[in-house]
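Just so it is clear, none of the values below were taken in a lab; they were calculated from the coordinates. Small disclaimer: the values here were computed from a predicted structure and weren't measured. Note that each Cβ is placed from the backbone with ideal geometry, even for glycine, and that neighbours are counted across all protein chains shown.
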Amino acid sequence: MPTFRGGVHPREHKEATEHRPVETAPLPPLLLIPLSQHTGAPSAPVVKKGDMVKTGTLIGEPAGHISVPTHASLSGTVADVASLPHPLTGRPVQTVIIDSDGEDNLDPAIGEHNPEGFTAAQIVAAVRSAGVVGLGGAAFPTFVKLSPPKESPIDTLLINGCECEPFLTADHRIMLESPAGIIEGIRYMAMVLNTTNVIIAIEDNKPDAIQAMTRAAEGTGFAVRRLKTKYPQGAEKQLIKACLRREVPSGGLPLHVGCVVQNVGTAIAVRDAVRFNRPLFERVLTVTGPAVREPKNLRARIGTPVRHLIDFCGGYSGPLGRLVMGGPMMGIALSGDDAPVLKGTSGILALGPEPEPQEESCIRCGACVRACPMGLAPTRLISHIRAQRLDAAKAEHVLDCVECGCCSWSCPARIRLVHGFKYAKSELAARARRQ
Ligand code: SF4
Ligand code: SF4
């Protein structure tokens, strides 16, 4: 079965939610919508305190080539536009606070129309103005991926249905419950990219999703590919390697090997943008973990405070240790449950209290080297970084680290390897900016 070099197989922990259909979370009384939820420049606010908005109204316009608009996720009144800490980075970011009117009145521009006959440019424009970003977690603007430069022709569209992070099941449920919507979104993207070679890649721990997508893809020419269950199978470079045996060059992008990767949830957001002129103001995510009473897959509005979703899941089942946005391998710890759901939030993981593991000395077992899917030598990199030899770490390709966490997970000495690599990458980036 196709796969990639390295990687790990942590316990999946998906049983709590994989059989639970997606439920719609109740609307919150208040939304916090950061204007930086995507890779690239934050959007610039176009509303002010006191303005009335409808669900789907533009509240922030793109402020750069790599940027997308942001929309209100509920109707109501703008209570403030304030600089608040970003839930993931802690850095201040302009945030639109909306008091819901309880009506959920849709912006009148939203509605079904017939997109047959749309040109590629019209599809890309619809995706851009709907603020669609990659819903797998990276939140890269989708219209940019759909606009590759002429010198990089795309021959393959890869659709990522792997969902390799433990605990998360939102993509699994989307594939079971909305396969036709995914296929429609894929059709628009394949048309824009001018390719008929489409591969929908799904790990073999989701046989029901493989079956549902195979049935939905009948007659389209799209291939459904069953992949070995292994983390990080859903990372772009590993997915390309597994499906196409192509190697994205160091510092390169999938388009440099003729490929664009999109997530299954993103395909539905593209369908919504093109067919319904519907901005991305809600998404499906998994709220789970041992510290939440009733784990669920939820459809929630962007900007909903996490606490509101936890309450809908019956509250905390005991003392809370860590609250993570995303999965346990690549997710980011939140400072509190007042943080809002973002476009890139694939899950909320509530973990119980655990003692902080004590680091021991490296025993040179090589487990981290065997686990690294990027072919790096984490044990050497961390010794460079801890000795402040950042140039040496750079020469040994620390910038190629995808922060998957396989090395830390494998390390018997519990060395916080990936923390060191994140630090080195941000220091090197800051140094490059200064220069
Ligand atoms: S976090 Fe970086 S160094 Fe560690 S296994 Fe993943 S890619 Fe390799
Ligand atoms: S896995 Fe940990 S102990 Fe083993 S070589 Fe890597 S850093 Fe050292």
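Summary table
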item	result
For region 367-434: rounded, prolate or oblate by the Cα gyration tensor [a/c cutoff 1.5]	prolate
Cα-centred dipole magnitude for the chain, charges only on beta-carbon of K, R (+1) and D, E (-1), debye, nearest 20	1460 debye
Sorted by Cβ neighbour density within 10 Å, fewest at the top, the residues ILE66, ILE59, ILE363	ILE363, ILE66, ILE59
Gyration tensor over alpha-carbon atoms, region 200-320, equivalent ellipsoid semi-axes in Å	31, 19, 17
Estimated inter-spin distance, SER317 and HIS113, nm [label 7 Å along Cα→Cβ]	4.8 nm
Cα shape, region 103-209, gyration tensor, a/c 1.5 rule	oblate
Computed E for LEU428/GLU23 - FRET, C-beta separation, R0 51 angstrom, nearest 0.05	0.75
The chain: relative contact order in percent, alpha carbon pairs under 8 Å with at least 6 residues between	19 percent
Of the trypsin sites (Lys or Arg not before Pro) in region 291-366, those whose Cβ has at most 15 other Cβ within 10 Å and which sit in DSSP loop	ARG293, ARG364
Anisotropy class of region 152-262 from Cα gyration tensor, a/c 1.5 cut	oblate
Size of electric dipole in region 120-276: Cβ of Lys, Arg +1 and of Asp, Glu -1, about Cα centre, debye, nearest 20	240 debye
The chain: proportion of alpha-carbon pairs further apart than 29 angstrom, %	46 percent
Positive dipole terminus of the chain, leading residue within PRO149, VAL127, SER67 (C-beta point charges)	PRO149
Over the chain: helical MRE at 222 nm, DSSP H runs n ≥ 4 each giving -39500 (n - 2.57), nearest 500	-8000 deg cm²/dmol
FRET efficiency, MET1 to HIS397 (Cβ-Cβ, R0 25 Å, nearest 0.05)	0.35
Two-site label geometry, HIS256 and GLU354: point separation in nm, points 7 Å out along Cα→Cβ	3.5 nm
Cβ-defined net charge surrounding LYS241, 10 Å radius [Lys, Arg +1; Asp, Glu -1]	+2
Listed residue (THR77, HIS172, SER361) projecting farthest to the positive dipole end of the chain, Cβ model	SER361
Charge dipole magnitude, Cβ of K and R +1, D and E -1 - region 367-434, Cα centre, debye nearest 20	220 debye
Simple spin-label estimate for ALA82 and GLU151 in nanometres, 7 Å along Cα-Cβ	4.8 nm
Region 401-434 residues near the modelled ARG386 label - backbone nitrogen below 14 Å, point 7 Å along Cα→Cβ	408, 411-421
Region 332-413, relative contact order [Cα under 8 Å, separation at least 6], %	32 percent
